[in-house]
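Below is the structure I would like to discuss, written out as structure tokens.
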Amino acid sequence: MRPPAWLRFLSANLSWLAASLLLAMFVWIAATIQQNPVEARRFPERLPIQILTDEGMIVTNNPITTAQVVLRAQADVWAVLEAQDIVVTADLRGKPPGTYTVDLNITFATFSRIVLEDWLPRQVTVSIDRAAEILVPINADIRSGPQTGFEIAAITFSAQEARVTGPASQVERVVSADVRLNLADERNPFTRNYRLYAMDAQGQTVPGVTLIPDNTDVTVDIQPQENFREVFVTPNIIGEPASGYVVFAITYEPQTVLVSGRPGALEQITGTIQTAPIDLTGQTASFSRTVPLELPAGVFLPIEQNVTVSVVIDTLPASRRFEHLPVQVQGLDPNANLEAVIMPTEVTMLITGPQPILDTLTPADITIVADLTGLAPGGHQVPLQAIVSRDGLQSANISVLPPVLDVQITARTPVTETPAPEAAPATPTAAP
């Protein structure tokens, strides 16, 4: 029995139909690719690596934290792709404490039309351990004690314990949280904040753990030992500087000293100990001198010590006025046939300086100058300069009143000679 006509028609044209569909599909794909091409390129950002561990496990080393990937995707995907769409993980779940080298896994959280071409690194090395936590006491690690004659009466902390967290292998080593104290220069009670250090039983610092808190306030009560006393020093200054000189400052080191002796001898000290005498009689300059202390009977210095005293001596500033000082004109070109008229011709000068120098200063030591160098004929205002021919005086402490004067420069009128009158012609005299 022959098949129906429609079936014979379909069988005869099926291959043509299939070919037409394939051709149409290829045309559509080609058009799509032309408008939305596929591109392979490196993602511009480095991507964070997420390390996956079981609960209660922590990473104890410093593994690589970012990766780079090369992707293949269409242009419309590249246009909206962001770093959070790409997930990079290193999976250590189910693994006990130890060090492992594991492959990186890259997945795409949003898009499916992405092909992973390449990635670096391919693997990461990660060390993991169980997280642990313990409480340890806070102790004082005294690196150097107080100086001779002083002792530590008590040490207290604002916190008594510290919490230690981190990998179990390191946390289990910690036996205390120590503050490190250097008391070599301390002689009085104090309170300061200090950092805490995780320490093991051998006195070594334990790395890789966290202390909570990581610092504490420490109060150290430092007191003089029995039969010792800290007293103030006073320089024993006698005499006066030379006339016209005064003491501007006295400094000295040390300002306190530690003394020792029997209680009865120490009670004789009323609060200060004087140095040996320092005589200022006739002094005219600053100086430094190292002198011993004058100690009462039965009192001595546990550490031999002298006192360096610096005395600043200078003249007492004074002032003096000189009036009717003549003004000298300088700098007028002698070849230019010029002359100058100044107003005023006399001035007053005020000067400040050391009293001994001012007492011997005379008008003969002072010159008031008006410099006319380079000035052309006409009216000018010229500043005055005071020249003092004595050492030890500063120009900044000299004032001339008035500080400027008026100068009128003119050209001299040339002198012309008057010609002698011609002799009259002789009158003939008649002969007798």
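The values are calculated or read from the model by the stated rules, or taken from the named source; none is laboratory data. A quick note: this is a predicted structure, and the numbers were derived from the prediction, not measured. Cβ sites come from the backbone with ideal geometry, for glycine too, and all protein chains shown count toward neighbours.
For every residue, the table says whether it meets (1) over 23 Å from Val369 (Cβ atoms); (2) in a strand (DSSP E or B); (3) of a type in the set (Phe, Trp, Tyr).
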position: Pro302; (1), (2), (3): yes, no, no
position: Ser310; (1), (2), (3): yes, yes, no
position: Ile313; (1), (2), (3): yes, yes, no
position: Phe322; (1), (2), (3): no, yes, yes
position: Leu325; (1), (2), (3): no, yes, no
position: Val347; (1), (2), (3): no, yes, no
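Still on this structure, please answer the following. For region 237-253, what are the residues that are surrounded by 16 or more Cβ atoms within 10 Å (Cβ to Cβ) and assigned to a strand (DSSP E or B)?
Hits for region 237-253 are Ile237, Tyr245, Tyr252.
Within region 42-71, work out how many residues are crowded, with 16+ Cβ neighbours inside 10 Å and either without any contact (Cβ under 8 Å) to a residue 12 or more places away in the chain or farther than 25 Å from Ile128 by Cα (or both).
3
So if I check each of Gly298, Gly244, Gly239, Gly261, which one is at pLDDT 90 or above and not charged (D, E, K, R)?
Numbers: Gly298 fails: at pLDDT 90 or above; Gly244 fails: at pLDDT 90 or above; Gly261 fails: at pLDDT 90 or above.
Exactly one of Gly298, Gly244, Gly239, Gly261 is at pLDDT 90 or above and not charged (D, E, K, R), namely Gly239.
What do you reckon, is Pro63 over 30 Å from Phe228 (Cα atoms), assigned by TED's automatic domain parsing to the domain that holds Ser169 and touching a strand residue (DSSP E or B) at 6+ places or on another chain (Cβ under 9 Å)?
Values: over 30 Å from Phe228 (Cα atoms): yes; assigned by TED's automatic domain parsing to the domain that holds Ser169: no; touching a strand residue (DSSP E or B) at 6+ places or on another chain (Cβ under 9 Å): yes.
No: the conditions fail for Pro63.
Of all residues in region 376-408, which are in contact with a Gly (Cβ under 8 Å, 6 or more places away or on another chain) and crowded, with 18+ Cβ neighbours inside 10 Å? First the steps, then the outcome.
Start the filter on region 376-408 by keeping residues that are in contact with a Gly (Cβ under 8 Å, 6 or more places away or on another chain), which leaves 392-394, 397, 406-408.
Residues satisfying the conditions are Leu393, Val407.
Within region 269-297, track down each residue that is outside any strand (DSSP E or B) and loosely packed, with under 12 Cβ neighbours inside 10 Å. So that I can check it myself, show each step before the final result.
As a first pass, look at region 269-297 and keep what is outside any strand (DSSP E or B): 269-271, 280-286, 292, 294-297.
Correct list: Thr270, Gly271, Thr281, Gly282, Ala285, Glu294, Ala297.
How many residues are within 20 Å of Asp185 (Cα to Cα), of a type outside the set (Lys, Arg) and either crowded, with 17+ Cβ neighbours inside 10 Å or modelled with pLDDT of 85 or more (or both) when one looks only at region 225-236?
4
I'd like the full set of residues that are surrounded by fewer than 17 Cβ atoms within 10 Å (Cβ to Cβ) and β-branched (Val, Ile, Thr), limited to region 118-135.
Listed by number, the residues that qualify are Thr125, Ile134.
If Phe157 satisfies every condition in (1) hydrophobic (A, V, I, L, M, F, W, C); (2) closer than 30 Å to Gly98 by Cβ; (3) surrounded by 16 or more Cβ atoms within 10 Å (Cβ to Cβ) but one, which is the exception?
Condition (2) is where Phe157 drops out.
Select from region 101-115 the residues that are assigned to a strand (DSSP E or B), surrounded by 14 or more Cβ atoms within 10 Å (Cβ to Cβ) and touching a residue at least 24 places away in the same chain (Cβ under 8 Å) and list them in ascending order.
Scanning region 101-115 gives Val102, Leu104, Ile106, Ile114.
Right, another one. For region 279-315, how many residues are on the phi < 0 side of the Ramachandran plot and more than 39 Å from the chain's Cα centre (by Cα)? Before the answer, list the steps.
First, pick out the residues of region 279-315 that are on the phi < 0 side of the Ramachandran plot: 279-281, 283-297, 299-315.
Now narrow it down to the ones that are more than 39 Å from the chain's Cα centre (by Cα): 279-281, 283-284, 292-297, 299-302.
The qualifying residues number 15.
For the subset of region 254-267 comprising residues that are under 15 Å from Leu301 (Cα atoms) and assigned to a loop (DSSP other than H, G, I, E, B), which member is farthest from the chain's Cα centre (by Cα)? Give the steps one after another, and end with the answer.
We begin by selecting, within region 254-267, every residue under 15 Å from Leu301 (Cα atoms); these are 254-263, 265-266.
Filter once more, so that each one left must be assigned to a loop (DSSP other than H, G, I, E, B): 254-255, 262.
Values: Pro254: 30, Gln255: 31, Arg262: 50 Å.
By that ranking, first place goes to Arg262.
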